[in-house]
Amino acid sequence: MTAGRTIAGTRVELVQGDITQQDTDAIVNAANTTLLGGGGVDGAIHRAGGPSILEECRRLGGCPTGDAKLTGAGRLPARHVIHAVGPVYRDGRHGEADLLASVYRRSVETALAHGLRSVAFPSISTGAYRFPIAEAAAIALGTVARVVRDRPGALDLVRFVLFSAPDLAVYEKALAALPA
Ligand code: ADP
């Protein structure tokens, strides 16, 4: 079952699944500042996509926290990977919420700048980076809703791909709580 809402002409969809299997124009990687690979989503993307993604990443010279950079997608079904660097969660008093909002905004802006029309996100920062998922889901969905309202119809689809059923349930609750 797919949960979703249409916001300013863009379908915002929530599914349980694997980010590497999405055939959207871009998938977003939960990367780190080196852009040279890691565990979780990052490891899965480089494993499934093959070495060309890392070769391109090496030429990018890293990426600051809160920002995002685009590469090709190697053997993945998606056409591009947007490498997005979320914050490591410490105690919530080190700008984590603003940095998480920034990473979602910059990821969508990067997709728009390249004329892409569909993007799939994982739950950035809520794995190894330990951002509490209820707050992260509200920030993720709130930020994406704001950006697509600013650019009505520029994107067809933003899909959030949650790895587990409990994570999907948290995102469903956050989506239902977004103002109309
Ligand atoms: P971060 O370092 O930003 O916290 P992680 O990759 O450790 O990123 O985890 C982010 C979220 O992505 C976690 O909820 C994790 O369970 C989930 N995840 C891990 N692998 C995948 C995958 N292949 N597809 C979708 N989500 C995944």
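No lab work stands behind these numbers, since they all come straight from the coordinates. Computed from a prediction, not measured in an experiment: that's the story for all the values here. Counting neighbours? That spans all protein chains shown, and the Cβs are built from the backbone with ideal geometry, glycine included.
Could you work out the relative contact order of the chain? I mean the mean sequence separation of Cα pairs under 8 Å and 6+ apart, divided by the number of residues, in percent.
Relative contact order here is 30 percent.
Over the Cα atoms, compute the radius of gyration (one decimal) and Dmax (the largest Cα-Cα distance, rounded to a whole number) for region 2-177, in Å.
In Å, with Rg to one decimal and Dmax whole: 14.5, 41.
Long-range amide H contacts for Gly38: which residues qualify at under 5 Å (H placed 1.01 Å from N, peptide plane, sequence gap of 5 or more or a different chain)?
For Gly38, whose amide H was placed from the backbone, the distant partners under 5 Å are Gly43.
For Gln16, enumerate residues with amide H under 5 Å from its amide H, sequence gap 5+ or separate chain, H modeled in the peptide plane.
Sorted by chain and number, the residues that satisfy this are Leu162.
If you take every DSSP beta bridge whose two residues both sit in the chain, what share of them, in percent to the nearest 5, is antiparallel?
Working: 10 of 28 bridges.
Percent antiparallel among DSSP bridges in the chain is about 35.
Using a cut-off of 14 Å between beta-carbons, work out the net charge of the residues near Thr24 (Lys and Arg +1, Asp and Glu -1, Thr24 not included).
Here the charged neighbours net out to -1.
Any chance you could check the Cα centroid distance between region 38-97 and region 98-130 for me, in angstrom?
Between the Cα centres of region 38-97 and region 98-130 lies a distance of 10 Å.
For Val88 and Asp150 in the same chain, what is the full-extension length gain: residue separation times 0.36 nm, less their Cα-Cα distance, in nm?
Result for the pair: 19.5 nm of gain on full extension.
Net charge near Val161, counting Lys/Arg +1 and Asp/Glu -1 over other residues with Cβ under 13 Å of its Cβ?
Net charge in that neighbourhood comes out at -3.
Ranked highest first by average number of other Cβ atoms within 10 Å, how do 12-22, 145-155 line up?
12-22, 145-155
For Gly37, what charge total do you get from the other residues with a beta carbon under 13 Å from its beta carbon, if Lys and Arg give +1 and Asp and Glu give -1?
Surrounding charge for Gly37 is -1.
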